[in-house]
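Asker: Below is one structure. I have some questions about it.
The values are calculated or read from the model by the stated rules, or taken from the named source; none is laboratory data. Being a predicted model, the structure only gives us computed values, none of them experimental. Heads up, the Cβs are rebuilt from the backbone with ideal geometry, glycines too, and the neighbour counts pull from every protein chain shown.
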Amino acid sequence: MKLHERPSGRRIQFMATCLCDAFYPHVAKSAVEVLERLGCEIEFPPDQTCCGQPAFNAGDWPCSREVVRHTVDVFRGDKPVVVPSGSCSAMMFHGAPLEFEREGDLAVVEAVGARTWELVDYIVNGLGIDRWPGRFAYRVAFHTSCHSRGTGSGEAALKLLSSIDGLELVTFDDAEQCCGFGGAFSVTFPNISTKMGRLKLDNALKEQPDILVSADMGCLMHIGGLVGREARPVKCLHITEVLAAALKGGATGPSARASASQRPAPES
């Protein structure tokens, strides 16, 4: 699939994701604010549910295919599909085609994947916007999710963040390493998942950021859970919240820690 050939007009379909629906409605709201600021005409298919990734990652491909078929049916047409999630967008253009390789409707699934964008990738590489207006006077560390590797999302996010007036973007050791979430991985191997998340946080916090930002809510839920349970001195925000806040002079909304699970962390 040639991602550089995806459609990039301003009439789009918005995939809110099940994590927005269940835990992060404020991320969906900020994403819409950002897209409207860019002059996008947004269509929100009301029957959308999930991209099928949870079942895909758990190895239940028959169940995942059922969910993907519903998503493909809901997002009919030829408009760009814009998603505020690197993992959900990657599921549509990478994961779903893998599990449909021997299915008769592979071409239909690939067609939807071929017009799916992660949101900041769409802004920078689809619309050609590489600077963001407003002000956000905070020290920020950015976490690139595993599913964003091999796409333009990570570089696009860094480009937008570094262009915002007042924002100080800091780097940290082993930034490319997984945060430990991995969907079902965090449930199957909670102790390993927790230790990976703590290592990510420890490395980021050495640089004393005010805010840890990511374009993936799964990562934010995992990292934000550790931040909340262990009272770490950092706030977690989705990148759309930063972009929307910059337009308002830097006022930030709810943090990821507020909506993350408060279950006790596994013992080390």
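Asker: Which one of these does Ala31 not meet: (1) closer than 14 Å to Val81 by Cβ; (2) over 16 Å from the mean Cα position of the chain (by Cα); (3) of a type in the set (A, V, I, L, M, F, W, C)?
Answerer: (2)
Asker: Okay, next question. Which residues, counting only those in segment 215-240, are acidic (Asp, Glu) and buried (at least 24 other Cβ atoms within 10 Å of the Cβ)? Full working, then the answer.
Answerer: Taking segment 215-240 as the starting set, the residues that turn out to be acidic (Asp, Glu) are 216, 230.
Correct list: Asp216 only.
Asker: Scan Trp132, Trp117 and give me the residue that is in contact (Cβ under 8 Å) with a residue 12 or more places away in the chain and not assigned by TED's automatic domain parsing to the domain that holds Pro25. Steps first, answer last, please.
Answerer: Numbers: Trp117 fails: not assigned by TED's automatic domain parsing to the domain that holds Pro25.
That would be Trp132, the only listed residue that is in contact (Cβ under 8 Å) with a residue 12 or more places away in the chain and not assigned by TED's automatic domain parsing to the domain that holds Pro25.
Asker: For a quick check of your reading: which strands (runs of 3 or more DSSP E) sit entirely within segment 139-219 and have at least 3 residues that are touching a Leu at 6+ places or on another chain (Cβ under 9 Å)? Show your work before the answer.
Answerer: Values: elements: 139-143, 168-170, 211-214.
The qualifying strands (runs of 3 or more DSSP E) are 139-143, 211-214.
Asker: Now for a different question. When you go through Ser186, Ser148, Ser163 one by one, which is the residue that is touching a Phe, Trp or Tyr at 6+ places or on another chain (Cβ under 7 Å) and either among the small types (Gly, Ala, Ser) or farther than 26 Å from Trp61 by Cα (or both)?
Answerer: On the way: Ser186 fails: touching a Phe, Trp or Tyr at 6+ places or on another chain (Cβ under 7 Å); Ser148 fails: touching a Phe, Trp or Tyr at 6+ places or on another chain (Cβ under 7 Å).
One residue alone meets the criteria, Ser163.
Asker: Is it the case that segment 203-214 has a residue that's buried (at least 21 other Cβ atoms within 10 Å of the Cβ), within 19 Å of Val27 (Cβ to Cβ) and among the hydroxyl-bearing types (Ser, Thr, Tyr)?
Answerer: yes
Here is a yes/no grid of residues against (1) among the basic types (Lys, Arg); (2) surrounded by 15 or more Cβ atoms within 10 Å (Cβ to Cβ); (3) outside any helix (DSSP H, G or I):
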{"position": "Cys51", "(1), (2), (3)": "no, yes, yes"}
{"position": "Phe56", "(1), (2), (3)": "no, yes, no"}
{"position": "Ser64", "(1), (2), (3)": "no, yes, no"}
{"position": "Val67", "(1), (2), (3)": "no, yes, no"}
{"position": "Val72", "(1), (2), (3)": "no, yes, no"}
{"position": "Lys79", "(1), (2), (3)": "yes, yes, yes"}
{"position": "Cys88", "(1), (2), (3)": "no, yes, no"}
{"position": "Met91", "(1), (2), (3)": "no, yes, no"}
{"position": "Pro97", "(1), (2), (3)": "no, yes, no"}
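Asker: Going by what's in this entry, would Phe189 be described as at pLDDT below 95, more than 15 Å from Leu220 (Cα to Cα), in the same structural domain as Cys236 (by TED's automatic domain parsing) and in contact with a strand residue (DSSP E or B) (Cβ under 7 Å, 6 or more places away or on another chain)? Break it down into steps so the answer makes sense when it comes.
Answerer: On the way: at pLDDT below 95: yes; more than 15 Å from Leu220 (Cα to Cα): yes; in the same structural domain as Cys236 (by TED's automatic domain parsing): yes; in contact with a strand residue (DSSP E or B) (Cβ under 7 Å, 6 or more places away or on another chain): no.
Considered against the rule, which asks whether it is at pLDDT below 95, more than 15 Å from Leu220 (Cα to Cα), in the same structural domain as Cys236 (by TED's automatic domain parsing) and in contact with a strand residue (DSSP E or B) (Cβ under 7 Å, 6 or more places away or on another chain), Phe189 comes out as no.
Asker: Find all pairs meeting these conditions: Cβ atoms under 9 angstrom apart; at least six residues apart or on different chains; first residue within segment 199-210 and on the phi > 0 side of the Ramachandran plot; second residue part of a loop (DSSP other than H, G, I, E, B) and among the aliphatic types (A, V, I, L, M).
Answerer: Gln208/Val234
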